[in-house]
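Notes for the one structure printed next.
The values are calculated or read from the model by the stated rules, or taken from the named source; none is laboratory data. These numbers were taken from a predicted model, which means no experiment stands behind them. As a convention, Cβ positions derive from the backbone with ideal geometry for all residues, glycine included, and neighbour counts pool all protein chains shown. These accessible areas exclude ligands, DNA and RNA; they are computed on the full protein's heavy atoms, side chains included. Shrake-Rupley method; radii C 1.70, N 1.55, O 1.52, S 1.80 Å.
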Amino acid sequence: MKNNSRTDFAAEALVYLDSVYRFALRLTQGQVSEAEDLVQDTFLQAQRSWASYEAHTNCRAWLFTICRNRFLRISSRDARMVELPDNEAAVEALAATAVFNEAQNADPEQSFFSSFLDEEVIRALDGLSVPFRELVVLSDLEGLTYAEAAEVLGLPVGTVKSRLFRGRRLLQEKLYAYALEMGYIKPRETNDG
């Protein structure tokens with residue numbers, strides 16, 4: 001069953017606005033304006049493609065895929081500007097959506113990250129290379145399964161598991177000294193004799 005109404009888009013896609021924003025924020029290494037542009041571009045593309053979306057399937061993974069593809073396209077061109085949409089009616093329709101306006105005025109980054117991630121963790125996460133960072137974000141922060149992450153990234157599940165393991169290990173290495181300093185872990189004991 002195909003989906004094509006504006007109401008369906010608001011009900012099914014816009015509920016993931018915060019998740020897509022968090023993902024975009026990590027893809028752009030915390031660059032708020034770039035993340036906001038990426039999210040806007042993602043949702044504009046999603047709305048343009050909404051007629052081809054299969055209703056009530058995994059909308060969140062579909063949006064993450066669009067976001068990632070837009071990010072990779074922008075990165076490969078090394079551009080800092082968002083493309084102007086082809087269809088101005090789509091822009092007006094999206095801007096007129098009350099749910100979008102309400103979510104746009106919220107500060108999802110602040111409320112999400114202030115709840116449990118501090119600056120050092122974010123810095124370490126942003127220091128990971130893109131293939132590892134996007135998997136850690138999708139799996140550990142957004143809660144996607146291996147299969148969902150594989151779908152978003154267009155990778156085999158085995159590759160997802162391997163990269164996620166390596167990404168977590170790299171993040172752990174980056175945060176070890178910080179965890180010691182904050183008292184989250186105890187120093188490893190050495191046998192001197």
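Key figures for this structure:
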read-out: Cut-off under 5 Å, modelled amide H: who pairs with Tyr53 long-range; value: Asn3
read-out: Solvent exposure, largest accessible area first (probe 1.4 Å, DNA, RNA and ligands not counted), of Phe23, Phe165, Phe132; value: Phe165, Phe132, Phe23
read-out: GluC sites (Glu not before Pro) restricted to the stretch 134-193 and DSSP loop, no more than 10 other C-beta within 10 Å; value: Glu189
